[in-house]
Structures are given as structure tokens and as C-alpha cells.
Amino acid sequence: MTDLSYKKWVSMSDDALAGQVGAFVKHHRLEQNKTQEMVAVAAGISRSTLSLLEKGESVTLATLIQVLRVLDQLQVMDAFEVHQQPSPIALAKAEKQKRKRASHANPDNSEDANW
């Protein structure tokens, strides 16, 4: 990964990253013209907990997910999707098992082809 944005995240402290998450939440809340109270009630958390999140303070992962759901921002979870890829050995074995040519066997198992 040589993406510049990736390098930016790596170089940030945990507190700075939490602050970035809080800024993201606050930005989308304000974009939707919702008060902290409205979002907090819809997420089932207290207003003070939402305020802590927006300030970059420590909150639970469940709280963050609830707030993202209320703000319709769950697409950020796409970054956490796991894509399983077979190992090179498994790919080589599958390639080896592929048919290389057609067989001469008659499909209806009769001796006469009746051509």
C-alpha cells in the first residue's frame, strides 16, 4: 500500500485518529441538520456520550456503530470487509486437477456410435 492517505493514517496518533472519527460523526450530523439530542435518542445513547464521541474521546465500538447507523454512514464498514483468497498452493492444485483434454468415452455407454 503506497497510497498517500494510508501513510497519513499510519503516522497519526491514536488520539488524532479518534479525533478524526469524531469530526466525521459531527460533520455528518450537522450535514443532516440533526442535534446531538436527536442523534443520541435515535442511537439509544446519552447526549453526553455522543458529545464525547464527537470530541474524539473514548467510546465503545457498539456506540460508534449505533451512531453510524443513525447517520446512515455504515458504508465506512466496507473498509473492514474480508476477502478470502486461495493460497498459491491451492490455486496450483486446482489448476493441476483441471481437465486437459476430452475423453474418448461414448456418453450413452453404447458400443456402437451409429454415425
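No value in this document is a laboratory result; all are computed from the given coordinates. Everything quoted here is computed from the prediction, not taken from an experiment. Cβ coordinates were reconstructed from backbone atoms using ideal geometry, including for glycine residues, and neighbour counts include every protein chain displayed.
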Packing-based exposure ordering (other Cβ within 10 Å, fewest first) of HIS104, HIS27:
HIS104, HIS27
Using the membrane-span-like helix rule (whole DSSP H runs, Cα extent along the own axis of at least 20 Å, mean Kyte-Doolittle hydropathy at least -1.0), which helices of the chain qualify?
14-31
Of the listed values (i) 1.02; (ii) 1.45; (iii) 1.14, identify the label whose number matches Rg/Rh (Cα atoms, Kirkwood Rh) calculated from this model.
(ii)
Name the long-range amide H neighbours of LYS55: under 5 Å, sequence gap of 5 or more, or other chain; modelled H, no Pro or chain starts.
none
To the nearest 0.05, what FRET efficiency results for ALA16 and GLU81 with a Förster distance of 22 Å applied to their C-beta separation?
0.35
Mind counting lysine pairs for me in the chain? Cα separation below 26 Å, and the two need to be 8 or more apart along the chain or on different chains.
7
